[in-house]
Amino acid sequence: MTALLVLHDVGDAEGGARWRAALEEAGWPGPVRAPDLPGHGRSPAAVGGSYELADPVLPVLPSVPADDPDPPVVLGVGTNGWCASVLALGGRASALVLVDGLGGPYRPQAEAMAAERLRLRAIADDPAALAPPPVPGDGLDPRLRHGVSPLGSRSMAERSAGATAVPVLLVESPASPVGAEDRAAVAARYPAGAAVVEVDGPEPELVAPAVVAWAARR
Amino acid sequence: MPPPEPDRSGFVELNRTRLRVWDWGDPAAPPVICVHGAYDHGRMWDGLAPELAALGYRVLAPDLRGHGDSGRLSSGAAWAASALDLALLARHLGPPVGLVGHSFGGGQALYVAGVWPELVRWVVNLDGLGPPPAALSPPEDLAATTADLLAGAERTLSRPPRVHPSAEALVARRRAVNVRMPDEWLEHLVRHGTRPAEGGLVWKADPVFGAGLPAAFDLDALHAEHEAVQAPVLVLTGGEHDTWSEMTDEELAERLTHLPTARHHVVEGAGHYVHLERPDVVVREIRTFVGEVGP
């Protein structure tokens, strides 16, 4: 009865609740843990309003101890696919599921840094993003409307894939920021291969049956 | 003899945090913000700041978030949030400002200048052009490195800060790392960088600052940051071998090619803490620099 740990996408105002409900409804054969990450759902905002790409790893670390004899399957959605990948790389997952979670759009570092400059300037000019955060449960932290910089490096995505030892499922929807060619290149790097499933959209209700079916086949 | 106390100090609330800011000089003078390095604090400028104030500036030295008396962190270095803090502090003061940064703070100063060019008049970077190329290369074994980083973050988050028995013990620890730093500065940085705790002293710097996780930041990204800087830049590096000054002359020269507005001066008789070891040369070089590029 392997547990499933879901890291919902950055900016998902509902946090983990909809994912938990969808995966339970689809019949995941074990506990589903889908925490509201900082600034989402009912969780308080990050201390000092600091949101960086891998930060969501830290609050979930206590739930994935290194000595767990039955580590969870970790599912990462969108930008937080990188956090799920980090947990899998670090030996904290028995399998990895990425929902539009390979990062991207992949681009040269100069373009990625230019996009980050624009993002920071937008935050600096947005009074709501600088104001004290809402109380937990009172909606998405407005700062998260500016997102966080995604993994924009295809070479890093490939290196990460090449070092991931656990089974992998890639769930890709038309909303994925990664094109077919990039996806194929990254998927080919997983040492044990990666199952790829295409779905009509990234919504939990569309993704959950594919995840449960994959788990049943394993 | 310890350096004089700052003229003023206070707290500034911005960007959802609270920054302790140390303050010297005429409040109506053009502002200069001095940015300390990782695990240090604003009082490291107690020597240089009065000298800059004497050149006709108001000098402000914040404790960066996660350092000194400023707000805490929930995750590692908080690079973007810290840069945002500095930009909003510059706006609060009335831009454009001069930025003087050491080490990590030098990197922050360049980054702020690249993101918000309208806020920054010039930058003085004190041995803060980033780690050597090898340190920005991907690890040989990404999985093992990630496992180590996760274990390190777990330890940091689950344990209380380490208690040290005495100031003398902390001075000795820093001396072992900062091998060239003068004793009076080791003592000064420990005095203002610690707080009492049961059984001794703990560093004020938030241990969470060190909770790093894998990222895609590499040499190309660093070059892109530097190439975005439009303001005039003065880079001062020490001529002596030192910990934290790990770039070869060739690597440093190559790094500078990505900072087209920079001029570089090697400060003989100094290592990584250029401004603490040779404040006379640093003040002289800054005076010459601002004489050429404007206040």
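No lab work stands behind these numbers, since they all come straight from the coordinates. Please read all numbers here as calculations on a predicted model, not as lab measurements. Ideal geometry is used to build each Cβ from the backbone, glycine not excepted, and the neighbour counts take in all protein chains shown.
Among B:VAL229, B:ALA61, B:LEU201, whose Cα projects farthest towards the positive end of the dipole of the protein assembly as shown, with charges put on the beta-carbon of Lys, Arg (+1) and Asp, Glu (-1)?
Of the listed residues, the answer is B:LEU201.
I want to check the label-to-label distance for B:ARG8 and B:THR248. Put each point 7 Å from Cα in the C-beta direction and report it in nm to one decimal.
Placing both labels 7 Å beyond Cα along the Cβ direction yields 5.0 nm.
When all alpha-carbon pairs of the protein assembly as shown are counted, what percent fall beyond 31 Å?
47 percent
Which of the peptides B:126-138, A:35-47 is most tightly packed, and how do the rest follow, going by the mean number of other Cβ atoms within 10 Å of each residue?
A:35-47, B:126-138
Taking a quarter of the surface of the Cα convex hull of segment B:1-97, what do you get in nm²?
Mean projected area for segment B:1-97: 6.0 nm², to one decimal.
Please list, by residue number, everything in segment B:97-120 whose backbone N is under 17 Å from a paramagnetic label point 7 Å out along Cα→Cβ of A:ALA110.
Label zone hits: B:114-115.
Counting only other chains, what is the mean number of Cβ atoms within 10 angstrom of the Cβ of each residue in peptide A:38-50?
5
Could I get the Rg over Rh figure for chain B? Both from C-alpha atoms, Rh via Kirkwood, rounded to two places.
Using Cα coordinates only, the ratio equals 0.94.
Please report, in whole Å³, the volume per residue of the convex hull around the C-alpha atoms of segment B:107-266.
149 Å³
Let me know the mean shielding of A:57-64 by other chains, meaning the per-residue number of their Cβ atoms within 10 Å of its Cβ.
Averaged over the peptide's residues, the number is 4.
Rounded to the nearest 0.05, what FRET efficiency do B:GLU227 and A:ARG218 have when you use their Cβ-Cβ distance and R0 = 35 Å?
0.15
What does the convex hull of the alpha-carbon atoms of segment A:111-218 project to on average, in nm²?
Over every viewing direction, the Cα hull of segment A:111-218 projects on average to 9.2 nm².
With charges set only on the Cβ (+1 for Lys and Arg, -1 for Asp and Glu), what does the dipole of segment A:4-217 come to about its Cα centre, in debye to the nearest 20?
Result for segment A:4-217 is approximately 440 debye, rounded to the nearest 20.
Give the residue from A:PRO142, B:GLY130, A:GLY179 lying farthest towards the positive end of the charge dipole for the protein assembly as shown; charges sit on Cβ (+1 for Lys and Arg, -1 for Asp and Glu) and the dipole is referred to the Cα centre.
Going by the charge dipole, the pick is A:PRO142.
Under a no-solvent Debye model with one identical scatterer per Cα of segment A:4-217, what's log10 I(q)/I(0) at q = 0.16, 0.17 Å⁻¹?
With no solvent term, the Cα-only Debye profile gives -1.08, -1.22.
Given springs between every Cα pair under 10 Å in a Gaussian network model of chain A, which of A:ALA88, A:ALA129, A:ALA34 has the largest fluctuation?
Fluctuation is largest for A:ALA129.
Tell me, what is a quarter of the convex hull surface for the C-alpha atoms of segment A:146-188, in nm² with one decimal?
Over every viewing direction, the Cα hull of segment A:146-188 projects on average to 3.7 nm².
Between B:GLU140 and B:HIS92, what FRET efficiency follows from the Cβ-Cβ distance if R0 is 51 Å, with the result rounded to 0.05?
Taking R0 as 51 Å, the efficiency between B:GLU140 and B:HIS92 is 0.70.
For B:ALA172 paired with A:ASP138, estimate the spin-label separation in nm (one decimal), with each label point 7 Å from Cα along the Cα-to-Cβ line.
Inter-label distance under the simple model: 5.1 nm.
Roughly how many debye, to the nearest 20, is the charge dipole of the protein assembly as shown about its Cα centre, given +1 on each Lys and Arg Cβ, -1 on each Asp and Glu Cβ, and no other charges?
740 debye
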